[in-house]
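The values are calculated or read from the model by the stated rules, or taken from the named source; none is laboratory data. Being a predicted model, the structure only gives us computed values, none of them experimental. Glycine gets a Cβ as well: all are built from the backbone with ideal geometry, and neighbour counts include every protein chain shown. Accessible surface areas use protein heavy atoms only, side chains included; no ligands, DNA or RNA. Shrake-Rupley method; radii C 1.70, N 1.55, O 1.52, S 1.80 Å.
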Amino acid sequence: QVQLVESGGGLVQAGDSLRLSCAASGRTSSRYAMGWFRQTPGKEREFVAAISRSGGLTYYADSVKGRFTISRDNAKNTVYLQMNRLKPEDTAVYHCAADVRPLETIVVLSTPRMYDYWGQGTQVTVSS
């Protein structure tokens, strides 16, 4: 059982930066690959970024590649999403998720149904 809590969202202007954090509690070993997804009303959940258990592999959606960076601090049981040069189209509720499966391919980690635990989300709003 793992609880995930996101923080760091807010209202910013286009071009600004935010760093989201996802703190894990419960069984918070480094056994979980972690992902970030975002969702807007009426749309399906969209993959943003993912990171392997060791942090050695990262994946990004094309829409955020070069602007966002995912990282993790396993000693703190926390995963981060550094978001730079934010755009209005980045506006969404951002969720972190944990995947206990050992397969860490982009196909697996970009698919929401493959994840076992989800946070409640944090709102990111980017104004023009």
Problem - Answer residue from the stretch 33-42, given it is open to solvent by 20 Å² or more (accessible area, probe 1.4 Å) and touching a strand residue (DSSP E or B) at 6+ places or on another chain (Cβ under 7 Å) and is farthest from LYS76 (Cα to Cα) among those - result: THR40
Exercise for the section: Output the residue which, of all residues in the stretch 1-25 that are in a loop (DSSP other than H, G, I, E, B) and of a type outside the set (D, E, K, R), is most open to solvent (accessible area, probe 1.4 Å). Expected result: GLN1
Fill in the blank from the handout: ASP90 meets each of (1) under 14 Å from the mean Cα position of the chain (by Cα); (2) in contact (Cβ under 8 Å) with a residue 40 or more places away in the chain; (3) open to solvent by 60 Å² or more (accessible area, probe 1.4 Å) with one exception, condition (3)
Exercise for the section: Look through the stretch 69-83, keep the residues that are open to solvent by less than 50 Å² (accessible area, probe 1.4 Å) and touching a residue at least 60 places away in the same chain (Cβ under 8 Å), and return whichever of them is nearest to GLY10 (Cα to Cα). Expected result: MET83
Handout entry: Where ARG45 falls short, out of the listed (1) over 17 Å from TYR115 (Cα atoms); (2) surrounded by 16 or more Cβ atoms within 10 Å (Cβ to Cβ)
Key = (1)
